[in-house]
Amino acid sequence: MKQTSDLSSKYQYLLFDLDGTLTDSIPGITRSVAYALSYFDIHVDDLNKLRPFVGPPLRESFGEYYQFTDEQIAKAIDKYHERYADKGLYENEVYAGIPEFLEKARKQGYQLMVATSKPEVLAKRILKHFHLDSCFSFIGGSGMDGSRYTKADVIDYVLHENGVTDLSKVVMIGDRKHDMIGAGKVGIDSIGVLYGYGDREELSEAGAGYIVDDVEGLAKLLLKDECLDR
């Protein structure tokens, strides 16, 4: 991992994960996972046990944590979205300092984009609900049909759709190993944030180029004037 330093003149494009990076989405995700599991007569009373579902693709998590077959995974994802699309996506909260950081970064000339494993249509609804959609020039996510399954797929899609070819000008900002690994596979730098759902060990082992503790740390790393006016 590189030493923390001022990167305000290095990058042009900032790619953001959504869950655990822009918003704290644990309640909506864990309740919707519990709802999906109940269909299979699996009842989880302690929703904290479902925290690992926040961030990675659902397909991966249902397979890894419950050894579901492909058919079961498809059904579980359908049941998850049955609740999440109506209730879960609003059981969510923007992290303190994020709106100010995004607005300041945009004014300083960065092009901001979202690269999330969440279905693109839902990501757009969430960001519009929290009045953050206008901060981003592009919001990219997975397809409801299961396309763009991995984070690398999503990042590659976002870059391709925006004609970005100079990868040295791009950095992925996220809170889980999947963000760091995806960035590495595509060939861009990455910044791990510790205020989300991953920890320092996870992010470091996944190849994070930089790790910051909080939104203020992100501002210190990327903005010309590190102070966030809140």
* Structure fact -> The computed P(r) of the range 142-230 puts the percent of Cα pairs beyond 18 Å at 48 percent
* **Segment Tyr65-Lys224, extension gain: residue separation times 0.36 nm, minus the distance between their alpha carbons** => 53.0 nm
* **the range 26-90, relative contact order [Cα under 8 Å, separation at least 6], %** => 49 percent
* To do: Might you report the magnitude of the Cβ-based charge dipole of the chain about its Cα centre, with Lys and Arg at +1 and Asp and Glu at -1, to the nearest 20 debye?
  => 440 debye
* Asked: So what is the 222 nm mean residue ellipticity for the chain from helices alone, if each DSSP H run of at least 4 adds -39500 (n - 2.57) and you divide by all residues, rounding to the nearest 500 deg cm²/dmol?
  -> -12000 deg cm²/dmol
* Structure fact -> Footprinting proxy, Ile188, Ile42: sorted fewest to most Cβ within 10 Å, the residues are Ile42, Ile188
* Near Lys124, within a Cβ-to-Cβ distance under 12 Å, what is the net charge of the other residues, with Lys and Arg +1 and Asp and Glu -1? -> +1
* Can you tell me the relative contact order of the chain? Whole percent, Cα pairs under 8 Å, sequence separation 6 or more. => 27 percent
* **Separation between Cα centres of the range 1-65 and the range 156-226, rounded to whole Å** => 15 Å
* **Label-point separation, Val44 to Gln12 (7 Å along Cα→Cβ), nm** => 4.2 nm
* Structure fact -> Applied in sequence order to the range 46-60, the curve 6.51 cos²θ - 1.76 cosθ + 1.60 (Karplus, θ = phi - 60°) yields integer Hz couplings, x standing for Gly and Pro, of 9, 5, 4, 5, 9, 4, x, 6, 7, x, x, x, 4, 4, 5
* Under a 5 Å amide H to amide H cut-off, with H placed in plane at 1.01 Å, what residues pair with Arg148 once short-range neighbours are removed? -> Gly143
* FRET E, pair Glu161, Lys128, Förster distance 30 Å, beta-carbon r, rounded to 0.05 -> 0.95
* To do: Report, in degrees rounded to the nearest 10, the 0 to 90 angle that the Cα long axis of helix 151-161 makes with the longest principal axis of the chain.
  => 50 degrees
* **Fewest-first ranking of Arg176, Arg59, using other Cβ atoms within 10 Å as the exposure measure** => Arg59, Arg176
* **Residues with amide H under 5 Å from that of Gly20, placed H, sequence gap 5 or more** => Ser25
* Structure fact -> Restricting to Cα pairs under 8 Å and 6 or more apart, the percent relative contact order of the range 35-149 works out to 22 percent
* To do: Please say if the range 74-152 is rounded, prolate or oblate, where rounded means a/c under 1.5 for a ≥ b ≥ c the square roots of the C-alpha gyration tensor eigenvalues, and otherwise the choice is prolate for a/b larger than b/c and oblate otherwise?
  => oblate
* Ranking Ile73, Ile211, Ile29 by Cβ neighbours within 10 Å, fewest first, what do you get? -> Ile73, Ile211, Ile29
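We did not get these values from a lab; they are worked out from the coordinates using the rules stated. On a predicted model such as this, the values are computed, not experimentally measured, just so you know. With ideal geometry, Cβ positions are generated from the backbone for all residues, glycine too; neighbour counts draw on all protein chains shown.
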